[in-house]
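**Q** My structure is below; once you've seen it, I'll send some questions.
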Amino acid sequence: MASSSSETSKLWGGRFTGATDPIMEQFNASISYDRRLWKADILGSQAYVKAIHLVGLVSTEEKDAIHSGLGQVAAEWESGEFVIKKGDEDIHTANERRLKELIGAAAGKLHTGRSRNDQVATDTRMWLREELKTLHTFLRALIEVLVLRAEHEVDILMPGYTHLQRAQPIRWSHWLMSYAWALQRDLERLDELSTRVNVLPLGSGALAGNPFNVDREFLAQELGFAKVSDNSLDGTSSRDYIAEFLFWASMNAVHLSKLAEDLILYCSKEFGYVTLSDAYSTGSSLMPQKKNADSLELIRGKAGRVFGQEDN
């Protein structure tokens, strides 16, 4: 039986001669999700081609062509011109398919000694590492706002509540700082997680290491990782850093939801402690007197979605 061109173009299609059922094609595809990893995938591949060049698996000309071609693929993603085609089951396949279209047969050498197992483990760590930096920036900014408001409004008094009943008088700044401290712990946990994420699995192969003795320390330096994974099986199979992030996101969402709920109560006419800016409020099509704290309510609603992701 003649080989299907669709099968031979797959990264895993070497031993297969029959075509994959179209239903299986759709079921097996992850490109709709992992397309967001395009940048990490290309950067990882550019570093990897340098590493296999160092051990003589590609010539200097091939290395330069692959590296430059990947740059062209990245430019297409950046500009929105990249076209996902039928058969691009994941981001790795899509990028390597396009690379081959651009530079020809030399693209086929890029995957030498590399498995999608260590490739996807590397891509997800690189992508998450950058997202954690963004979250760190946003979270730190929120903490700074809370601290600044607490300093400026230290003389304002308010009732402190238990069981939604007035209990003891407290400073408004004390309430603000209760959230600043909770978010500070979130920031500390985020930094601790970042350290565990910043470990390179590339070079672990499918499970038993790279057969061509690529320099993993070189790869770590190229990709900005603090260290390489110590065990190839653990490097390719572990996803605890993802589970840990999902817990972190849930804990942070609890704190943000709690803050939002307090403010929803405090800006109601029954309490009247704060006034929510019109810029972050909505109204009612039937009751024009209403000013709805939808920005805060959405924070609470989206927190539930975060919890659901952790359960999944």
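Every number here is computed from the coordinates shown, using simple stated rules; none is lab data. The structure presented is a predicted model; accordingly, all values stated were derived computationally and were not measured. Ideal geometry is used to build each Cβ from the backbone, glycine not excepted, and the neighbour counts take in all protein chains shown.
**Q** Give me the distance in nm between label points sitting 7 Å out from Cα along the Cα-to-Cβ direction at residue 138 and residue 231, one decimal.
**A** Each label point lies 7 Å from its Cα, and together they span 3.5 nm.
**Q** Among 65, 45, 296, whose Cα sits farthest toward the positive end of the charge dipole of the chain (+1 at Cβ of Lys/Arg, -1 at Cβ of Asp/Glu, about the Cα centre)?
**A** Sorting the options by dipole projection puts first 296.
**Q** If the label point is 7 Å along Cα→Cβ of residue 76, which residues in region 18-33 have backbone nitrogen under 17 Å from it?
**A** Only 31-32 fall inside the zone, counting backbone N under 17 Å.
**Q** Just to verify a number: FRET efficiency for residue 68 and residue 305, C-beta to C-beta distance, R0 = 51 Å, to 0.05? Provide the component values of the computation, followed by the final result.
**A** Values: r = 41 Å, r/R0 = 0.81.
Computed FRET efficiency for residue 68 and residue 305: 0.80.
**Q** So what's region 241-283 giving for Rg/Rh, alpha carbon basis, Kirkwood Rh from the mean inverse pair distance?
**A** Working: Rg = 14.7 Å, Rh = 12.2 Å.
In region 241-283, Rg relative to Rh is 1.20.
**Q** Additional query: Quick one: helix 38-54 against the long Cα principal axis of the chain, what's the angle to the nearest 10°, folded into 0 to 90?
**A** Orientation of helix 38-54: about 40 degrees from the principal axis.
**Q** Along Cα→Cβ, 7 Å out, is where each label goes; now give me the distance between the ones at residue 100 and residue 284 in nm to one decimal.
**A** With each label point 7 Å from Cα toward Cβ, the separation is 6.2 nm.
**Q** Read through the labelled values [x] 0.94; [y] 1.05; [z] 1.11 and report the label of the one computed as Rg/Rh (Cα atoms, Kirkwood Rh) from the structure.
**A** Derived directly from the coordinates: [z].
**Q** Moving on to the next point. Region 72-140: which GluC sites (Glu not before Pro) are DSSP loop and have at most 12 other beta-carbon atoms within 10 angstrom? Don't skip to the answer; put the middle values down first.
**A** On the way: sites: 76, 78, 81, 89, 96, 101, 130, 131; in loops: 81, 89.
Hits after loop and neighbour filter: 81.
**Q** Relative contact order of the chain: what whole-number percent is it, with Cα pairs under 8 angstrom and at least 6 residues apart? Walk me through the intermediate numbers first.
**A** Working: 355 pairs, mean separation 45.0, N = 312.
With pairs under 8 Å counted, the relative contact order is 14 percent.
**Q** Here's something else I'd like to know. So what's the gap between the Cα centers of region 87-136 and region 22-45, to the nearest angstrom?
**A** One Cα centre to the other: 9 Å.
**Q** Taking θ as phi - 60°, what are the ³J(HN,Hα) couplings along region 269-286 by the Karplus curve (6.51, -1.76, 1.60), each to the nearest whole Hz, with x for Gly and Pro?
**A** 5, 5, 9, x, 7, 9, 10, 7, 4, 4, 5, 10, 10, 10, x, 10, 6, 9
**Q** Rounded to the nearest 500 deg cm²/dmol, what is the calculated helix-only ellipticity per residue at 222 nm for the chain, with -39500 (n - 2.57) per DSSP H run of length n ≥ 4?
**A** Numbers: 12 runs with 187 residues, N = 312.
Estimated from H runs of four or more residues: -20000 deg cm²/dmol.
**Q** Taking K and R as +1 and D and E as -1, what net charge do the other residues with C-beta under 9 Å from the C-beta of residue 204 add up to? Working shown, then result.
**A** Numbers: positive: 216; negative: 118, 234.
Here the count lands on -1.
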